[in-house]
Amino acid sequence: MQQVQLVNGIFTPSEAADVIIGLIEKKINFHKVHRLSICEGDEKENTTYDDSRISELIKELQNAKDFISEAREQGNMLKVIGTLELEFIN
């Protein structure tokens, strides 16, 4: 297993929004492109997983925006910690 410390720090709400919202939007776009590539040549191909992940990520995006807005309104900074775990799968 390998861990990658993606982000670890204290940020203003605007800085946190740049990092978090950017990351979630990138993942949404990844699944949209993946879904499109699956459907090339066969519109009836199963895209259930990508559709589901896009919906989940859109909800998480809104939750993050709401939380960051609340921090901004209260004049708070945000601590953001993000670690990726990578492991081989056979």
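The values are calculated or read from the model by the stated rules, or taken from the named source; none is laboratory data. Since the model is a prediction, treat every value here as computed from it, not as a measurement. Here the Cβ is made from the backbone with ideal geometry for all residues, glycine too, and neighbour counts use every protein chain on show. All accessible areas refer to the heavy atoms of the entire protein, side chains included, with ligands and DNA or RNA removed. Shrake-Rupley method; radii C 1.70, N 1.55, O 1.52, S 1.80 Å.
Our summary gives the chain a relative contact order of 61 percent, counting only alpha carbon pairs under 8 angstrom and 6 or more residues apart.
The trypsin sites (Lys or Arg not before Pro) found in region 1-46 that occupy coil by DSSP, while having at most 12 further C-beta atoms within 10 Å, are Lys44. Against the main long axis of the alpha-carbon atoms of the chain, helix 48-74 sits at an angle near 10°.
Of Arg53, Arg72, the order by accessible heavy-atom surface (1.4 Å probe, DNA, RNA and ligands excluded), from most exposed downward, is Arg72, Arg53. Summing Lys and Arg as +1 and Asp and Glu as -1 over all other residues whose Cβ lies under 14 Å from the Cβ of Lys26 gives a net charge of 0. Surface composition of the chain: carbon plus sulfur atoms contribute 53% of the solvent-accessible area (1.4 Å probe, protein chains only, all chains present).
Only sites in a loop by DSSP and with at most 13 other Cβ atoms within 10 Å count here; which GluC sites (Glu not before Pro) in the chain make the cut?
Glu40, Glu43, Glu45, Glu87
Over the chain, accessible surface divided per residue gives 79 Å², non-protein components excluded, 1.4 Å probe. Placing one equal scatterer on every Cα of the chain and applying the Debye formula, the log10 ratio I(q)/I(0) at q = 0.13, 0.15 Å⁻¹ is -0.59, -0.73.
Relative to the longest principal axis of the Cα atoms of the chain, helix 13-39 runs at roughly 0 degrees.
The amide H of Val7, built 1.01 Å from its N in the peptide plane, has Gly82 as neighbours under 5 Å, considering only residues 5 or more places off or on other chains.
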